[in-house]
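Peer 1: Sending over a structure as structure tokens; questions will come in a sec.
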Amino acid sequence: MSDNYVVSAIKYRPQLFNTVIGQSHITTTLKNAINTDQLAHSFLFCGPRGVGKTTCARILAKTINCTNRTADAEACDACPSCVSYKDNNSFNVYEMDAASNSSVDDIRELIEQVRFAPQGGSKYKVYIIDEVHMLSTNAFNAFLKTLEEPPPYAIFILATTEKHKIIPTILSRCQIFDFNRITSQDTIDHLSDICVKEHISFEKEALHLIAQKSEGCMRDALSIMDKIASFSQNKITYNSTIEHLNILDYDYYFKMMEAFMMQDMSNVMLLYDDIFNKGFEGDMFLNGFTEHMRNLLICKDARVAKLLDLPENIKIKYFQQANQLSNAYIINALSILNASEMNYKLSRNKRMHVELALIKLNYLSSAIEIISDENGHVLKKKS
């Protein structure tokens, strides 16, 4: 590894509002506030981890002190204020991690600093408090007066993943911004751009898996991508991704479902034996197969089919398989899988527990008849 290697999450961290992914509703509002000089003195950035809260706080801190802002309210990255911030030696931006500085003494130290005006001719002094929900109750109370009546040059930006843990008196004094979870498509597009810049070959299906695994957290997605790129020598393929992330291939679920439709018990048992020998735990398989059945049920209704967060080639397979199954079968299969997953930890013989669920699913179509009304609602069961 090169001495100059920088992980993607740091190397490609947005430096301007326009480069922030998936939060246009927030960046547009902040830019308009800067242009009209209507900045609040305290902001609260809320949302899941890895979606850009701290990044936006830093961009805002840099931009409001920039002396040569663009017409679009973006920092120039060239004036003395921007350069000092980029070099991490700005005296007008103070960052505190409340997770490790949660006491009332830490807040009193911050309040002492608020007394001093900005240096170097800057207009604002910005205080960024990350993971603010970790502050103690006494620390919150000590902070209240300063937050309510700050000096005209002080801007407070609080960031949290757990807004419900912040006391109401703090919430009422802040302008609150709720960050969205980053969509899979936005994540895929961003990863694709980085792969092109870094000369990493990739398969779209692999990036889709990474986006799903990261669950809307761009930082996690970039970290996973870096690991797989190193693991597979800058070739991010579908197979290397499922191997690295320990994900069971979609094909196993489709083959298992095909065996159920044919009531081919032998093939069902052999397929699960293959899955078991690959090192996948029974509860992971049950969870994955439950999701597979849920996806099949979604395919039965065109109005909710958009909820399928999958590559196009996989979606086609789901629609084809869903057309061969009744709603009744899928609903009962979900019930069996859910019960099996809930009781998995209580079972002494984990493998046998999963196999019993598979046996029930294999003979479900002939063992249970569900009578439904025209809307698909279950009316009764017959053995």
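Peer 1: Between A206, A211, A221, which is touching a strand residue (DSSP E or B) at 6+ places or on another chain (Cβ under 9 Å), in a helix (DSSP H, G or I) and under 22 Å from D186 (Cβ atoms)? If you could, list the steps in order and put the result at the bottom.
Peer 2: On the way: A211 fails: touching a strand residue (DSSP E or B) at 6+ places or on another chain (Cβ under 9 Å); A221 fails: touching a strand residue (DSSP E or B) at 6+ places or on another chain (Cβ under 9 Å).
Unique residue meeting the criteria: A206.
Peer 1: Let me confirm something: among F156, F202, F231, F177, which residue is over 15 Å from the mean Cα position of the chain (by Cα) and modelled with pLDDT under 90? Break it down into steps so the answer makes sense when it comes.
Peer 2: Working: F156 fails: modelled with pLDDT under 90; F202 fails: modelled with pLDDT under 90; F177 fails: modelled with pLDDT under 90.
None of the others qualify; the one that does is F231.
Peer 1: Here is a follow-up. Return yes when N313 is surrounded by fewer than 17 Cβ atoms within 10 Å (Cβ to Cβ), outside the structural domain of Y238 (by TED's automatic domain parsing) and in contact with a helix residue (DSSP H, G or I) (Cβ under 6 Å, 6 or more places away or on another chain) and no when it is not.
Peer 2: Values: surrounded by fewer than 17 Cβ atoms within 10 Å (Cβ to Cβ): yes; outside the structural domain of Y238 (by TED's automatic domain parsing): yes; in contact with a helix residue (DSSP H, G or I) (Cβ under 6 Å, 6 or more places away or on another chain): no.
The answer is no for N313.
Peer 1: Regarding N338, is this residue surrounded by fewer than 17 Cβ atoms within 10 Å (Cβ to Cβ) and either part of a loop (DSSP other than H, G, I, E, B) or polar (S, T, N, Q) (or both)? Quick ask: steps written out before the conclusion?
Peer 2: Values: surrounded by fewer than 17 Cβ atoms within 10 Å (Cβ to Cβ): yes; either part of a loop (DSSP other than H, G, I, E, B) or polar (S, T, N, Q) (or both): yes.
Judged against the criteria, N338 is a match.
Peer 1: Can you confirm whether N267 is in a helix (DSSP H, G or I) and not assigned by TED's automatic domain parsing to the domain that holds C195? Spell out how you get there, then give the answer.
Peer 2: Values: in a helix (DSSP H, G or I): yes; not assigned by TED's automatic domain parsing to the domain that holds C195: yes.
Here the answer is yes, as N267 does meet what is asked.
Peer 1: Within region 341-354, how many residues are farther than 30 Å from A302 by Cβ and buried (at least 17 other Cβ atoms within 10 Å of the Cβ)?
Peer 2: 3
Results for (1) touching a helix residue (DSSP H, G or I) at 6+ places or on another chain (Cβ under 9 Å); (2) crowded, with 21+ Cβ neighbours inside 10 Å; (3) closer than 30 Å to D37 by Cβ; (4) small (G, A, S), shown as yes or no for each residue.
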site: N180; (1), (2), (3), (4): yes, no, yes, no
site: Q185; (1), (2), (3), (4): yes, no, no, no
site: E198; (1), (2), (3), (4): yes, no, no, no
site: A206; (1), (2), (3), (4): yes, yes, no, yes
site: G216; (1), (2), (3), (4): yes, yes, no, yes
site: A221; (1), (2), (3), (4): yes, yes, no, yes
site: M225; (1), (2), (3), (4): yes, yes, no, no
site: F231; (1), (2), (3), (4): yes, no, no, no
site: S240; (1), (2), (3), (4): yes, no, no, yes
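Peer 1: Would you pick out the residues in region 246-262 that are among the acidic types (D, E) and either surrounded by 16 or more Cβ atoms within 10 Å (Cβ to Cβ) or in a helix (DSSP H, G or I) (or both)? Let's see the steps before the verdict.
Peer 2: First, pick out the residues of region 246-262 that are among the acidic types (D, E): 249, 251, 258.
Answer for region 246-262, where residues must be among the acidic types (D, E) and either surrounded by 16 or more Cβ atoms within 10 Å (Cβ to Cβ) or in a helix (DSSP H, G or I) (or both): D251, E258.
Peer 1: Also: Could we say that T146 is crowded, with 19+ Cβ neighbours inside 10 Å, under 20 Å from T19 (Cα atoms) and in the same structural domain as I170 (by TED's automatic domain parsing) here?
Peer 2: Working: crowded, with 19+ Cβ neighbours inside 10 Å: yes; under 20 Å from T19 (Cα atoms): no; in the same structural domain as I170 (by TED's automatic domain parsing): yes.
It is false that T146 is crowded, with 19+ Cβ neighbours inside 10 Å, under 20 Å from T19 (Cα atoms) and in the same structural domain as I170 (by TED's automatic domain parsing).
Peer 1: Based on this model, can you work out whether L60 counts as part of a strand (DSSP E or B), more than 19 Å from the chain's Cα centre (by Cα) and either in the same structural domain as L135 (by TED's automatic domain parsing) or not polar (S, T, N, Q) (or both)? Spell out the reasoning first.
Peer 2: On the way: part of a strand (DSSP E or B): no; more than 19 Å from the chain's Cα centre (by Cα): yes; either in the same structural domain as L135 (by TED's automatic domain parsing) or not polar (S, T, N, Q) (or both): yes.
No: the conditions fail for L60.
Peer 1: What is the residue count in region 309-335 for residues that are more than 15 Å from L364 (Cβ to Cβ), assigned to a helix (DSSP H, G or I) and among the polar types (S, T, N, Q)?
Peer 2: 3
Peer 1: Let me ask something else about it. Restricting to region 254-283, give me the number of residues that are among the polar types (S, T, N, Q) and under 21 Å from L296 (Cβ atoms). I'd like the intermediate steps shown before the answer.
Peer 2: Filtering region 254-283 for residues among the polar types (S, T, N, Q) gives 263, 266-267, 277.
Applying the additional criterion that residues be under 21 Å from L296 (Cβ atoms) yields 263, 267.
Qualifying residue count, region 254-283: 2.
Peer 1: Which number in (1) on the phi < 0 side of the Ramachandran plot; (2) out of contact with any Gly (no Cβ under 9 Å at 6 or more places or on another chain) marks the one condition that C217 misses?
Peer 2: (2)
Peer 1: Of the residues E243, E291, which is within 24 Å of the chain's Cα centre (by Cα), assigned to a helix (DSSP H, G or I) and closer than 24 Å to Q185 by Cβ?
Peer 2: Answer to the check: E291.
Peer 1: Separate question: Just give me the residues in region 2-51 being modelled with pLDDT of 90 or more, farther than 23 Å from K123 by Cα, polar (S, T, N, Q) and exposed (fewer than 14 other Cβ atoms within 10 Å of the Cβ), in sequence order.
Peer 2: Listed by number, the list holds a single entry, S24.
The values are calculated or read from the model by the stated rules, or taken from the named source; none is laboratory data. This one's a predicted model, so the numbers in the text were calculated from it and none came from an experiment. Cβ sites come from the backbone with ideal geometry, for glycine too, and all protein chains shown count toward neighbours.
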